[in-house]
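Heads up, the thing below is written out as structure tokens.
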Amino acid sequence: MLSPVDRRESQNGPWHWPEYAIEAALLGAFMFSACLFSTLLFHPAWPVTQAIPDPFQRRVLMGVAMGGTAVALNYSAWGKQSGAHYNPAVTLAFARLGKIAPGDVLGYVSAHFIGAVSGVFLAGLILTNMLAHSDVHYAVTRPGSGGVTVAFIAEAVISCILMTVVLISSNRVHLARYTGLFAGLLVATFITIEAPLSGMSMNPARTMGSGLWAHDWTAVWIYFTAPPLGMLLAAELQLLRRGPSGVFCAKLHHQNGKRCIFCAYQGRGLQQPGRELLRA
């Protein structure tokens, strides 16, 4: 049964502007961090590039930096409130599972694109021409030497893996609180290992944020199709394994005192006992 607060929120409609603003800010911060560390680690004028000439070693550092950024955002006060999606593909996967109101899907996805574009814009104001250097190139995601087929498959696979881990861990009481950490570790791993194949996006908004300012739309269709398809596949597999009631909420981190706009939504398969289970 819905609490009086939840019932009032549900009756007031699906628009939750604070959460939309938070999602834009989270992805904006992630993109700013991506641009900053790409410049520090790959621009030839910076000492790190000269001290560590091996690209793989610098990718390891990039992975640690961006994985750490993801963990910090996931467990931030804002991330705990919005659910820390900051990725349209994640939001669409939870929508397929019936955990997000249609209006919130539109609000989240729109916010992701606004946040990504704004984050890169802000980084450009601070880093100026360094961000546009060919070795940095606004942290654009592009297929590697294996071509578009390899890049598409790689993006779909890593996206499916990430969403599968999120769904498994966030719906286990003893693992739920570590979901944001697992996601960050995967981001770090994928940047280190998979980036040479596709640039490691997993996020249509992330790719657009860089591509818009770089004026580079190389194989952009990959990043608008493969990540959503991979995460939707993870959602379908979750439905086959556990059914609609096997997903408690659309938050990565639910064990906190922040309001939840998802538990107030009476979507397909939402089971209120799941809320209590996650609090256990």
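Values in this text are rule-based calculations from the coordinates and carry no lab data. These numbers were taken from a predicted model, which means no experiment stands behind them. Every residue, glycine among them, receives a Cβ derived from its backbone with ideal geometry; neighbour counts consider all protein chains shown.
Could you give the length gained by full extension between Leu240 and Phe224, i.e. 0.36 nm per residue of separation minus their alpha carbon distance, to one decimal place?
Full extension from Leu240 to Phe224 adds 3.2 nm.
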Practice problem: Specify whether the C-alpha gyration tensor of the range 1-140 places it in the rounded, prolate or oblate class, a ≥ b ≥ c being the square roots of the eigenvalues: rounded for a/c under 1.5, otherwise prolate if a/b is larger than b/c and oblate if not. | Solution: prolate
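Quick one: Asp54, Asp135, fewest Cβ neighbours within 10 Å first, how do they rank? Mind dumping the intermediate values first?
On the way: Asp54 8, Asp135 13.
Ascending Cβ contact count within 10 Å gives the list Asp54, Asp135.
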Quiz item: What number, rounded to the nearest 500 deg cm²/dmol, is the helix-based mean residue ellipticity at 222 nm of the chain, given -39500 (n - 2.57) per DSSP H run of at least four residues and division by all its residues?
Solution: -21500 deg cm²/dmol
Quiz item: In whole Å, how far is the Cα centre of the range 86-157 from that of the range 48-68?
Solution: 21 Å
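Loop only per DSSP, at most 12 neighbouring Cβ atoms within 10 Å: give me the chymotrypsin sites (Phe, Trp or Tyr not before Pro) in the range 120-157, ordered by residue number.
Sites meeting the loop and neighbour criteria: none at all.
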Exercise. Would you kindly state how much longer the chain becomes between Asp135 and Ser110 on full extension, computed as 0.36 nm times their sequence separation minus their alpha carbon distance, in nm to one decimal?
Key: 6.0 nm
Exercise. Would you mind telling me which residue in Ser110, Ser145, Ser210 has the biggest mean-square fluctuation in a Gaussian network model of the chain, where springs connect alpha carbons within a distance under 10 angstrom?
Key: Ser145
Practice problem: In a Gaussian network model over the chain where Cα atoms closer than 10 Å are linked, find which of Gly144, Gly180, Gly28 has the largest mean-square fluctuation. | Solution: Gly144
Exercise. May I ask you to evaluate 6.51 cos²θ - 1.76 cosθ + 1.60, the Karplus curve with θ = phi - 60°, for each residue of the range 15-22 and list the ³J(HN,Hα) values in order in whole Hz, giving x for glycine and proline?
Key: 7, 10, 4, x, 5, 5, 4, 5
Quiz item: Using Cα atoms only, what is the angle between the long axis of helix 147-170 and the major principal axis of the chain, expressed in degrees (0 to 90) to the nearest 10?
Solution: 40 degrees
Quiz item: Relative contact order (percent) for the range 4-279, with alpha-carbon contacts under 8 angstrom and 6 or more residues of separation?
Solution: 30 percent
Quiz item: Hey, how much of the P(r) for the range 4-279 falls beyond 32 Å, as a percent of Cα pairs?
Solution: 21 percent
Exercise. Can you bin the range 108-194 into rounded, prolate or oblate? Criterion: square roots of the alpha carbon gyration tensor eigenvalues sorted a ≥ b ≥ c, rounded for a/c under 1.5, prolate for a/b above b/c, oblate for the rest.
Key: oblate
Quiz item: If you build a Gaussian network model of the chain, linking Cα atoms that sit under 10 Å apart, which residue out of His16, His254, His137 swings the most?
Solution: His16
